[in-house]
Amino acid sequence: MLTRTITGFLFIVVIVAGIYFNPTIAMCLFSLIVLLGIDEFYGLVKKSNQIKPIKFWGTLTGLTLMIILCLLTLRIAEVKLLFIPILMIFIIFFIELYRKKENPFINVSYTILGILYVVIPFAMLFHLGFYTHSSFTNNYSFQIILGFFILLWSNDTGAYLAGRFFGKHKLFERISPKKTWEGSIGGMIITIGGAYILSMFFTNLNLTSWLIIAILIAVFGGLGDLVESMLKRSLKIKDSGNILPGHGGILDRFDGLLLSVPFVYSYIHLIS
């Protein structure tokens, strides 16, 4: 418990500090997470004897795509640079052609999946740092990104506590036997309460938007957690990695983020 607490505290400090100061630091932080996340994803699926992703090239491609998307957001790169990672993705097919592995298209599919699964959500989240009130601008603000993390952590904490003290009815026993409906509902209530408080201090979005984002995070963050549990269960492993003592791997910590960010990002685009 002590190890888990210390790791959790340091994890929060790094995330908050990385987001708060300026977009360059946030870009470096997210790029590092993407690098570690893709590498971890490939290491995870390689534990299946049938899946052999192209680890080095896939990781390099994902990192290149992330950096270029961030540079486009910062408006210090041209859109045509996107053709570099696009071509790198198609080169995956040719690399697999010469590897002489079994199940070549499964290998290609998982290599590309690792890139999209990790890179796109973090690139979207970084872009949200430039949304203010009703439009995307050139000015960076930590409010929406940090607010997203606060609501995500509120949902995780609320779900854990409510599930521990009140959980009786299984939510998705086939995938995650410990998760309960009471936990999910408790997480959503805490997240909505957190959104109400956030709206008083983080004014880049109004109260209604924060409440809707809270619901999106509670629903799709929970589903994202289940999806990663489904992946681990299919591979018969407990944790995605051990880079965070007491907390598992990068994917364990960001599973809810990866599948909730696209919905939050889409919502903000729809209202802008």
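Throughout, read-outs are computed from the coordinates displayed, never taken from laboratory work. This structure is a prediction, so every number in the text was calculated from the model and none was measured. Using ideal geometry, Cβ is built from the backbone for each residue, glycine included, and neighbour counts are taken over all protein chains shown.
Figures for the structure shown
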item: Residue order, fewest to most beta carbons within 10 Å, for V261, V227; result: V227, V261
item: Fraction of alpha-carbon pairs over 24 Å apart in the chain - percent; result: 52 percent
item: Reciprocal of mean inverse Cα separation for region 43-98 (Kirkwood radius, Å); result: 12.6 Å
item: Highest-fluctuation residue, S154, S184, S109 considered, GNM on the chain with Cα pairs under 10 Å; result: S109
item: The chain: most fluctuating residue of K179, K168, K80 per GNM, C-alpha cutoff 10 Å; result: K80
item: Residue order, fewest to most beta carbons within 10 Å, for L29, L235; result: L235, L29
item: Stokes-Einstein D in µm²/s, Kirkwood radius over Cα pairs - region 172-232 at 37 °C with 0.692 mPa s viscosity; result: 263 µm²/s
item: Rh by Kirkwood over Cα pairs, then Stokes-Einstein D for region 37-180 at 0.692 mPa s and 37 °C, µm²/s; result: 182 µm²/s
item: C-alpha center-to-center spacing [region 1-61, region 93-141] in angstrom; result: 13 Å
item: Size of charge dipole - region 17-139 - debye, nearest 20, with Cβ of Lys, Arg +1 and Asp, Glu -1, no other charges; result: 320 debye
item: Selected from Q50, H269, G18, residue furthest toward positive end of dipole (the chain; charges at beta carbon); result: Q50
item: MRE, 222 nm, helices only [DSSP H, n ≥ 4, -39500 (n - 2.57), over the chain, to nearest 500]; result: -25500 deg cm²/dmol
item: Of T5, M27, L205, farthest towards positive along the dipole that unit charges on Lys, Arg, Asp, Glu beta carbons give the chain; result: T5
item: Charged-residue dipole, Cβ positions (Lys, Arg, Asp, Glu), the chain about Cα centre, Debye nearest 20; result: 740 debye
item: Y265, Y98 arranged by Cβ crowding within 10 Å, fewest neighbours leading; result: Y98, Y265
